[in-house]
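Read through the structure below, which is laid out as structure tokens, and then see the notes.
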Amino acid sequence: MGIDLDISTPEGWHAALAALRWQMELGVDEFIGDTPINAYDLPDRKAAPAEAPAATPPKRAAAEPYIPQISPAERAAQAADAAVADAAARAAAAANLDALREALAGYDHCEVKKGARNLVFSDGRPGARVLILGEAPGRDEDLEGRPFVGAAGQLLDRMFAAIGLSRDNPDLQHALYITNVMPWRPPGNRDPSPEEIAMMRPFVERHITLAAPDVIVLMGNTPCSALLGAKGILRLRGTWTEALGRPVMPMTHPAYLLRNPVAKREAWADLLAIKARLG
Ligand code: URA
């Protein structure tokens, strides 16, 4: 016979506890419910599958230094910055043109160098009043190790001879000094990329400072990008501007003049402007 007690109230809970204690004092050691249970229907405890072992928490990796994840574009930008910083340090340390040539020869960040036969550093006379800055060596220049020796170079020599200037003139007043933005021949004569121009810029600036010309002539787009940060040679040509504290004249490249002979008339006007500037 069961006892109905409401254990949800404090009184009922205490009454139920007292009843349970009293029954235990009487020797009750088993409860029999009102509804019989068939023990054969109960699940076999022995046959029950062993409990799966508690999942072990994943081991934490041994402490490793934190390496921030960066994208390939960020990695490339960092490499480009490092290449420019190295170029700037090497160029600044060069006390004269021979040291600058050595600094360029030891500079390995520029991929173009790997495909070139020779370093094409310069030609003509350091200290000449006019410095010509070209783009990059072509095949002939790469083979010979001197700038502007191919067909475009021969036209360049004739152009400047027409205003009384030449590479090896013993008189510095009438001499030329010639160099390029890129001292190695790019594969397939492609234009140097903006990243390559940025790497070469510290060397070019140091080169100009050490050669100390009165006037700089920029031949084509690449030197305009490097020194003026501007493109569009057909718009820039013929107008004096300034870079590194020196007067600068952008001109169309002689290779362009070979392909477009009608443009020689404007080039002649630019040469006359240079001649007038030199006095
Ligand atoms: N074009 C250039 O700009 N430089 C050279 O040395 C030869 C061709």
Next item on the list: Output the residues belonging to region 211-226 that are within 25 Å of the chain's Cα centre (by Cα) and away from the ligand (no atom under 14 Å from the Cβ).
Entry: none
Margin query: Let me spell it out: the conditions are (1) among the β-branched types (Val, Ile, Thr); (2) touching a strand residue (DSSP E or B) at 6+ places or on another chain (Cβ under 9 Å); (3) under 29 Å from Asn96 (Cα atoms); (4) within 14 Å of the ligand (Cβ to nearest atom), and Val248 meets all of them except one. Which number is the exception?
Written below: (4)
Note to self: Pairs please, first residue from region 122-138 and of a type in the set (Val, Ile, Thr), second anywhere and within 9 Å of the ligand (Cβ to nearest atom) and not in a loop (DSSP other than H, G, I, E, B), Cβ atoms under 8 Å, 6+ apart in sequence or on different chains.
What the structure shows: Ile132/Leu156; Ile132/Ile178; Ile132/Thr179; Ile132/Met219
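Could you tell me whether any residue of region 196-215 is among the charged types (D, E, K, R) and touching a Cys at 6+ places or on another chain (Cβ under 9 Å)? Break it down into steps so the answer makes sense when it comes.
Within region 196-215, the first condition is being among the charged types (D, E, K, R), and the residues that meet it are 196, 201, 205-206, 214.
From what's left, touching a Cys at 6+ places or on another chain (Cβ under 9 Å): 196.
Yes, region 196-215 contains a residue that is among the charged types (D, E, K, R) and touching a Cys at 6+ places or on another chain (Cβ under 9 Å).
Is there a residue in region 167-178 that is within 16 Å of the ligand (Cβ to nearest atom), in contact (Cβ under 8 Å) with a residue 60 or more places away in the chain and closer than 18 Å to Pro137 by Cα?
no
I need a count of the residues in region 219-277 that are assigned to a loop (DSSP other than H, G, I, E, B) and not aliphatic (A, V, I, L, M). First the steps, then the outcome.
Here is the first cut: in region 219-277, the residues assigned to a loop (DSSP other than H, G, I, E, B) are 220, 229-232, 237-240, 244-245, 252-253, 260.
Keeping just the survivors that are not aliphatic (A, V, I, L, M) gives 220, 229, 231-232, 237-240, 245, 252-253, 260.
Residues flagged as assigned to a loop (DSSP other than H, G, I, E, B) and not aliphatic (A, V, I, L, M) within region 219-277 amount to 12.
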Next item on the list: Mind counting the residues in region 227-265 that are more than 29 Å from the chain's Cα centre (by Cα) and of a type in the set (Gly, Ala, Ser)?
Entry: 3
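Please state which one of Leu143, Leu133, Leu172 is under 23 Å from Pro202 (Cβ atoms) and modelled with pLDDT of 95 or more.
Values: Leu143 fails: under 23 Å from Pro202 (Cβ atoms); Leu172 fails: under 23 Å from Pro202 (Cβ atoms).
So the residue among Leu143, Leu133, Leu172 that is under 23 Å from Pro202 (Cβ atoms) and modelled with pLDDT of 95 or more is Leu133.
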Check: Could we say that Ala93 is in contact with a helix residue (DSSP H, G or I) (Cβ under 9 Å, 6 or more places away or on another chain) and farther than 26 Å from Ile233 by Cα here?
Finding: yes
Notebook entry, point to check: Name the residues in region 108-166 that are more than 14 Å from Trp184 (Cα to Cα), small (Gly, Ala, Ser), touching a helix residue (DSSP H, G or I) at 6+ places or on another chain (Cβ under 6 Å) and more than 8 Å from the ligand (Cβ to nearest atom), would you?
Noted result: Gly127, Ala128, Gly164
Check: Looking at (1) at pLDDT below 95; (2) surrounded by 15 or more Cβ atoms within 10 Å (Cβ to Cβ); (3) of a type in the set (Asp, Glu), can you tell me which one Glu74 breaks?
Finding: (2)
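The values are calculated or read from the model by the stated rules, or taken from the named source; none is laboratory data. If you're wondering where the values come from, they're calculated on a predicted model, not measured in any experiment. Methodologically, a virtual Cβ is constructed for each residue, glycine included, from the backbone with ideal geometry; neighbour enumeration extends over all protein chains shown.
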